[in-house]
Amino acid sequence: MQSVENSLRIDPVRIIIPGNYYDCQIYRGRLYLWTIDGAVQIYDWNKLINTKVIPNFSIRLPFVFGFMEGNFLYDKKVSYIFSEKSYNVILLKQYNELLHAKVEILKDDLESSRLQQIDLPFNELPTDTEVYANNIYYALDSGIYRRVINSGLSEKAIGSKDTKLWDCRILSLRANKYPQIALSAGSDGLYELNLVKNTALKPKSIENIEDTKILRISSKSSSFSNYSFLSVFSSSYVEDSFMALFNWKPLDAMNKGGEDHKVYREFDDLISEKKIFGNNESSDICWGIDDKIYRIIGNKLHILKFINSPNTLKGESYYKYLNSIDLPSNIGRIIGAGVSYFGIVLEFTKGVLILRSDGNVTTIPEEVIRWRIYPRSKNYLNHLHLIFNDRIEIYSFNHDALINQRTKRIGLEYIPDDIPFYRNRTSSIINEDEYPSDDFLFQKGDFNKFNIDKDDQLPF
């Protein structure tokens, strides 16, 4: 899409669900809620939006784009429409109509869409959960478990069998598409649940935990982690964070087993955050996902571009400096961080700050119990779920599809599946000479102008 003009600001839409909850997930039209009192409740999310939300308003598209089909605005067929300024104005007008509306799903409305309720496995609240490939993975003190998700209408939403995968205590689970799940085990290190069926395609240079699908990547402390394409970025609150670098390697024809595989994913190296950023300063928090790596020191956020497949023979680096942003100093201590397409989510002791890809800022001035974003999702990549003491708030950010993805500095770059042949997922390199100057100059902008140092912008 073409650049959205400064006047076309689209603020997020919010849905409130009252209740006492501990965790949440959303997957293929179903909302999963973990309650404080010991249950997992599963709801038909699309039914809730279509029958309990949309009928209360005269407009439909913001709810479809915002809460059920977050990928629609990125679709090239839809982008042709909204690349026209007149249609952008219509979309903006509809979103602005909802800006101050209270969209709430009450208990009776919620119950009307319930599919199933199950007791918490082993009567224990999970440390973390992840939904991947029709399975729910959850971490308990006693280890990692999995339950199957059933897609058929005649079956229960979640199967009744708990399959134990490993007995290590895990703090964080994050899935990749290749397929792997990164496992952060605190002082026990960084691991990976590798679900590749053909053993010839599994990394060979890192330790395999006997009789499991678990690989040990590093013994360095890992508090949480995420995937940067093939690689894993591990973040730690007590030690230096690091990148576990993986690359595609040619597969020996003798080990192919008759299957048509030319490459496999292999571990290369561990690279510390200090080496990545080129200095020995200790960070408050450092994290990465896909094409960006972030580091906060004091009130300064530093951003690097991660190049998945540089031409090292020509001296190209894996990392390229993008920007530094001044953060406010009156919002407390940094607790957690994450990135999606719509921007950077920063959790502080006094609330949550979202640095958006359009250069604007959204502030939530209240302490949260837990929050989730879904950058690996197809339909919910624009969602931010915030769990408070007495409710869940589901935010939908819809501005990012109007941003030029190739030149954006904040948030992940969205690359559709049907991209032109001259661009691919592994060559997302910013080349200023490649783009029209007026488009690029608008987008590169000065992202230090967030206006987040004003008291009225940050009521923490």
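Per DSSP helix of 4 or more residues, -39500 (n - 2.57); summed, then divided by the residues of the chain. What does that give at 222 nm, rounded to the nearest 500? Numbers along the way, then the final one.
Values: 6 runs with 43 residues, N = 460.
Helix contribution divided over all residues of the chain: -2500 deg cm²/dmol.
Once fully extended, how much extra length lies between residue 35 and residue 210, figured as 0.36 nm per residue of separation less the alpha-carbon to alpha-carbon distance?
Numbers: separation 175, 0.36 × 175 = 63.00 nm, distance 3.52 nm.
Here the segment from residue 35 to residue 210 would lengthen by 59.5 nm.
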* Report the charge-dipole magnitude of the stretch 119-272 in Debye, nearest 20, computed about the Cα centre from +1 at each Lys and Arg Cβ and -1 at each Asp and Glu Cβ. => 480
* Asked: What whole-number value in cubic angstrom gives the convex hull volume per residue for the C-alpha atoms of the stretch 76-117?
  -> 120
* Asked: When all protein chains stay in place, what accessible area (Å², nearest 10, 1.4 Å probe) is found for residue 369?
  -> 80
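Counting pairs of alpha carbon atoms under 8 Å apart in space and at least six apart in sequence, what relative contact order in percent does the stretch 100-248 give?
Numbers: 296 pairs, mean separation 21.3, N = 149.
Contact order relative to length: 14 percent.
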* To do: Would you please state the base-10 log of I(q)/I(0) at q = 0.17, 0.21 1/Å for the stretch 1-109, with intensities from the Debye formula using one equal scatterer on every alpha carbon?
  => -0.90, -1.19
* What FRET efficiency would be calculated for the residue pair residue 219, residue 112, taking the C-beta separation as r and a Förster radius of 56 Å, to the nearest 0.05? -> 0.65
* Please report how many Lys pairs in the stretch 257-354 have alpha carbons closer than 15 angstrom, counting only residues at least 8 apart along the chain or sitting on separate chains. => 6
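Might you report the magnitude of the Cβ-based charge dipole of the stretch 134-176 about its Cα centre, with Lys and Arg at +1 and Asp and Glu at -1, to the nearest 20 debye?
Working: 7 positive and 4 negative charges, 11 e Å.
Using only the charged Cβ atoms, the result is roughly 60 debye.
Over the chain, what is the relative contact order in whole percent, taking alpha-carbon pairs under 8 Å and six or more residues apart? Walk me through the intermediate numbers first.
Numbers: 984 pairs, mean separation 68.0, N = 460.
Result for the chain is 15 percent.
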* Structure fact -> Output for the stretch 117-213: trypsin sites (Lys or Arg not before Pro) sitting in coil per DSSP, at most 11 other Cβ within 10 Å, listed by number, reads 161, 177, 197
* Asked: log₁₀ I(q)/I(0) of the chain at q = 0.08, 0.09, 0.13 Å⁻¹, via Debye over equal Cα point scatterers, no solvent, to two decimals?
  -> -0.47, -0.61, -1.36
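Let me spell out the model: positive unit charges on the Cβ of Lys and Arg, negative unit charges on the Cβ of Asp and Glu, origin at the Cα centre of the chain. What dipole size does that give, in debye rounded to 20?
Details: 56 positive and 60 negative charges, 159 e Å.
Computed about the Cα centre, the dipole is about 760 debye.
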* **Full-stretch length increase - residue 366, residue 123 - with 0.36 nm per residue and alpha-carbon distance subtracted** => 84.6 nm
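Working out 0.36 nm times the residue gap between residue 76 and residue 329, then minus their Cα-Cα distance, what length gain in nm do you get to one decimal?
87.0 nm
Among 77/408; 52/102; 47/177, which pairs are too far apart, with a Cα-Cα distance over 18 Å?
On the way: 77/408 21 Å; 52/102 13 Å; 47/177 28 Å.
Exceeds cut-off: 77/408; 47/177.
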* **Positive-end residue of 59, 112, 133, charge dipole of the chain with Cβ unit charges** => 133
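Please list 314-325, 232-243 highest first by mean number of surrounding beta-carbon atoms within 10 Å per residue. Intermediate results must be reported in sequence, preceding the final value.
Details: 314-325: 14.1, 232-243: 22.8.
In decreasing order of mean packing, 314-325, 232-243 become 232-243, 314-325.
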* Tell me the label-point distance for the pair residue 378, residue 141, using the 7 Å Cα-to-Cβ offset, in nm and rounded to one decimal. => 4.0
* To do: Of the listed pairs 161/204; 161/213; 164/202; 107/156, which have alpha-carbon separations greater than 29 Å here?
  => 161/204
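Beta carbons within 10 angstrom, averaged per residue: use that to sort the peptides 262-269, 40-47, highest first.
Working: 262-269: 15.2, 40-47: 20.1.
Sorting 262-269, 40-47 by mean packing, highest first, produces 40-47, 262-269.
As an exercise, find the ratio Rg/Rh for the stretch 299-420 from alpha-carbon atoms, using the Kirkwood inverse-distance average for Rh. Could the numbers behind the result be given before it?
Working: Rg = 16.0 Å, Rh = 15.9 Å.
Using only Cα positions, Rg/Rh for the stretch 299-420 is 1.01.
The values are calculated or read from the model by the stated rules, or taken from the named source; none is laboratory data. All figures in this text were calculated on a predicted structure; none of them were measured in a lab. Because the Cβ atoms are built from the backbone with ideal geometry, glycine has one as well, and the counts that use them run over all protein chains shown. Surface accessibility is based on the protein's heavy atoms, side chains included, excluding ligands, DNA and RNA. Shrake-Rupley method; radii C 1.70, N 1.55, O 1.52, S 1.80 Å.
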